[in-house]
Amino acid sequence: MSIKSDIWIKTMAEEKGMIEPFEASQVRKGNISFGVSSYGYDFRISNQFKMINPDYGDVIDPKADQEKIYTDVQADTFVIPPNQFVLAKTIEYFRIPRDILTICYGKSTYARCGLLVNVTPFEPEWEGFATISLVNATNLPVKVYAGEGIAQLLFLQSDESCGQSYADKKGKYQAQKEITTSKIES
């Protein structure tokens, strides 16, 4: 298994459409950085969020219907209240090759503000806009900026292709276009 460099990421994005839209260099000035880095890709957060409905007073159950739990919000900046979380989605649409697995880490700029970014690995042959969880671990509000960097993906390549990819098993979050709440296959 090896981690992939900026050269590999650029080639895969440009020739195979692995990341769309794709920023071939690091955009920094006046922004929380995004685009290709030395050994990864800093992806951006869109202006679409799902926050816990303040009137929802029940248990959050990953097996239950999630529609009553969340309120949709569209904004260029979003303030996450203390000790709460929101769901968001990436600007970028990803198509992961069959021999690649990604690992995601939150940007240090946000980590230094107490914001935790949780994204599960992008499995081989998964594609879609990623739904991400943003957790404010502080007792103060934290502001996030749509259109700017939120986390970095590292691409790990195996020496061989997997026996069963996310596409092969028809994963329930395959090709998601919107923020997707938890769901169970019936």
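Quick note: the coordinates plus some simple rules give every number you see, no bench work behind them. What you see is a predicted model; the values in this text were computed from it and never measured. Methodologically, a virtual Cβ is constructed for each residue, glycine included, from the backbone with ideal geometry; neighbour enumeration extends over all protein chains shown.
Descriptive notes on the structure:
- Scanning the range 59-98 for residues that are among the acidic types (D, E) and out of contact with any Asp or Glu (no Cβ under 7 Å at 6 or more places or on another chain) returns D61, D65, E67, D72, D76.
- Any hit, the range 66-73, residues being surrounded by fewer than 20 Cβ atoms within 10 Å (Cβ to Cβ), hydrophobic (A, V, I, L, M, F, W, C), assigned to a loop (DSSP other than H, G, I, E, B) and on the phi < 0 side of the Ramachandran plot: yes
- Total residues in the range 28-53 satisfying the condition of being assigned to a strand (DSSP E or B) and of a type in the set (S, T, Y): the figure is 3.
- Taking the range 83-113 as the range and being without any contact (Cβ under 8 Å) to a residue 60 or more places away in the chain and touching a Pro at 6+ places or on another chain (Cβ under 8 Å) as the test, the residues that pass are L101, T102, I103, C104.
- Boolean, Q157 is surrounded by 12 or more Cβ atoms within 10 Å (Cβ to Cβ) and either β-branched (V, I, T) or under 13 Å from the mean Cα position of the chain (by Cα) (or both): no
- For the range 74-94, filtered to residues that are in a strand (DSSP E or B) and of a type in the set (A, V, I, L, M), the residue that is surrounded by the fewest Cβ atoms within 10 Å (Cβ to Cβ) is V79.
- The residue that is nearest to A146 (Cα to Cα), counting only those in the range 95-118 that are among the aliphatic types (A, V, I, L, M) and surrounded by fewer than 21 Cβ atoms within 10 Å (Cβ to Cβ), is V117.
- Enumeration of residues in the range 119-139 that are surrounded by fewer than 20 Cβ atoms within 10 Å (Cβ to Cβ), small (G, A, S) and over 15 Å from K50 (Cα atoms): A137
- Of all the criteria given as (1) in contact with a strand residue (DSSP E or B) (Cβ under 7 Å, 6 or more places away or on another chain); (2) without any contact (Cβ under 8 Å) to a residue 24 or more places away in the chain; (3) among the acidic types (D, E), the one not satisfied by D55 is (1).
- Scanning the range 102-115 for residues that are under 28 Å from W8 (Cα atoms) and among the hydrophobic types (A, V, I, L, M, F, W, C) yields I103, C104, A111.
- Scanning the range 36-52 for residues that are under 17 Å from the mean Cα position of the chain (by Cα) and without any contact (Cβ under 8 Å) to a residue 60 or more places away in the chain gives V36, M51.
- Residue in the range 41-55 that is surrounded by 14 or more Cβ atoms within 10 Å (Cβ to Cβ), touching a helix residue (DSSP H, G or I) at 6+ places or on another chain (Cβ under 8 Å), of a type in the set (K, R) and under 24 Å from L156 (Cβ atoms) present: no
- Among (1) at positive phi; (2) exposed (fewer than 14 other Cβ atoms within 10 Å of the Cβ); (3) not aromatic (F, W, Y), the one test that G35 misses: (2)
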